[in-house]
Amino acid sequence: MTDASHCSAELIERVNVSASLAIFRFSVASRLSFSAGQFATIGIAADGDVIERPYSIVSSPHEPFLEFFVELVPGGILTPKLWELKLGSAILVRRRIVGQLTLDSTVHRHLMMATVTGVAPFVSILRTQQIDRAGGAASNHQLVVIHGASRAADFGPYLSELEELSHAGWLTYIPTISRPWKEPNWKGETGRVEDIVRKHADQLGLDHGNSVAYACGHPQMVANVKDILKRACFLKDQIKEEEYFTLHDSRSHK
Ligand SMILES: Cc1cc2nc3c(=O)[nH]c(=O)nc-3n(C[C@H](O)[C@H](O)[C@H](O)COP(=O)(O)OP(=O)(O)OC[C@H]3O[C@@H](n4cnc5c(N)ncnc54)[C@H](O)[C@@H]3O)c2cc1C
């Protein structure tokens, strides 16, 4: 079922990151217009209805597919159906793609904070920066991405992708795990995003006078970093946010 507001997309690749995290790539019947950092609304037909949910787009607008990094929510309505898709299965995508987590071009320093799948809009922005710079575009944006997860495996292939990108000098990527006692070989940061954000922002010279902050993913992380940044004098319009669900009935922030 496609109509004026939807187009169909075909699953062309799936990467299982863990039992409850997967990356889905879809080819879309018609090219969709969006900015890096925005989210698409995708739907699956079921029982004569279409179940729709928003997902941040991981891929750059320059790439010929739509990529999503999704967490399976036990008992959820859409995600178990996503997990049942086979290569070649079709879904629906709303043609109108929206979202405010786009790069603010009025500043040059960007402090981006994510829990697990919340890195999606930032990967889209980073891939776009990389492709534009490789094509000769001038850019003086400096980006810092603090990416939290309870265990390193949950960063998926984005860990090596962003580490690789950081060698170019315009990205500082800081993955941090909150359960380091389970991973004695982990050499990186430890603690939740909110535990380490102030330290890294100070060390890297990012403050309310020169930066915009972005927080995406778990609502508790978003609320905590907003409080921290407000105490560091960031104004409301210097903090962009996207919460993936509401806290009232969610699982705890691990
Ligand atoms: C702007 C936006 C962008 C989003 N982008 C992504 C994305 O890139 N990747 C992604 O995985 N999700 C993303 N989400 C969440 C996504 O839209 C769905 O809410 C989620 O996948 C659950 O859908 P469901 O139908 O399976 O569960 P539902 O039936 O909608 O929800 C079941 C219950 O689980 C809670 N819940 C939903 N998500 C989670 C979660 N991750 N952890 C714990 N509890 C949860 C809900 O609040 C609800 O109580 C985004 C949400 C928003 C608002």
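Annotation: of all residues in the range 156-187 being touching a residue at least 60 places away in the same chain (Cβ under 8 Å) and in contact with a strand residue (DSSP E or B) (Cβ under 8 Å, 6 or more places away or on another chain), the one that is nearest to Ser60 (Cα to Cα) is Tyr158.
So how many residues does the range 238-250 have that are away from the ligand (no atom under 16 Å from the Cβ) and modelled with pLDDT under 95? Of the residues in that region, 0 qualify. Checking Met112 against (1) assigned to a strand (DSSP E or B); (2) in contact (Cβ under 8 Å) with a residue 60 or more places away in the chain; (3) within 14 Å of Ala9 (Cβ to Cβ): exactly one of these is not met. Which one? Of everything listed in (1) assigned to a strand (DSSP E or B); (2) in contact (Cβ under 8 Å) with a residue 60 or more places away in the chain; (3) within 14 Å of Ala9 (Cβ to Cβ), Met112 misses just condition (3). Residues that are among the charged types (D, E, K, R) and either in the same structural domain as Val58 (by TED's automatic domain parsing) or more than 16 Å from the chain's Cα centre (by Cα) (or both): list the helices (runs of 4 or more DSSP H) wholly contained in the range 142-254 that include at least 3 such residues. Ranges flagged: 193-204, 219-231. Examine the range 74-82 for a residue that is on the phi > 0 side of the Ramachandran plot and either modelled with pLDDT of 95 or more or in a strand (DSSP E or B) (or both), and state whether such a residue exists. Checking the range 74-82: at least one residue is on the phi > 0 side of the Ramachandran plot and either modelled with pLDDT of 95 or more or in a strand (DSSP E or B) (or both).
Anything in the range 32-50 that is among the acidic types (Asp, Glu) and assigned to a loop (DSSP other than H, G, I, E, B)? List them, or say none. Within the range 32-50, just Asp47 meets the criteria.
Looking only at residues that are in a loop (DSSP other than H, G, I, E, B) and of a type in the set (Lys, Arg) in the range 83-103, which one is nearest to the ligand (Cβ to nearest atom)? Here the residue is Arg96. Filtered by the rule that a residue be surrounded by fewer than 17 Cβ atoms within 10 Å (Cβ to Cβ) and either within 16 Å of the ligand (Cβ to nearest atom) or basic (Lys, Arg) (or both), the range 192-219 gives Arg198, Lys199.
The values are calculated or read from the model by the stated rules, or taken from the named source; none is laboratory data. Here the structure is a predicted model, which means the values were calculated and not measured. With ideal geometry, Cβ positions are generated from the backbone for all residues, glycine too; neighbour counts draw on all protein chains shown.
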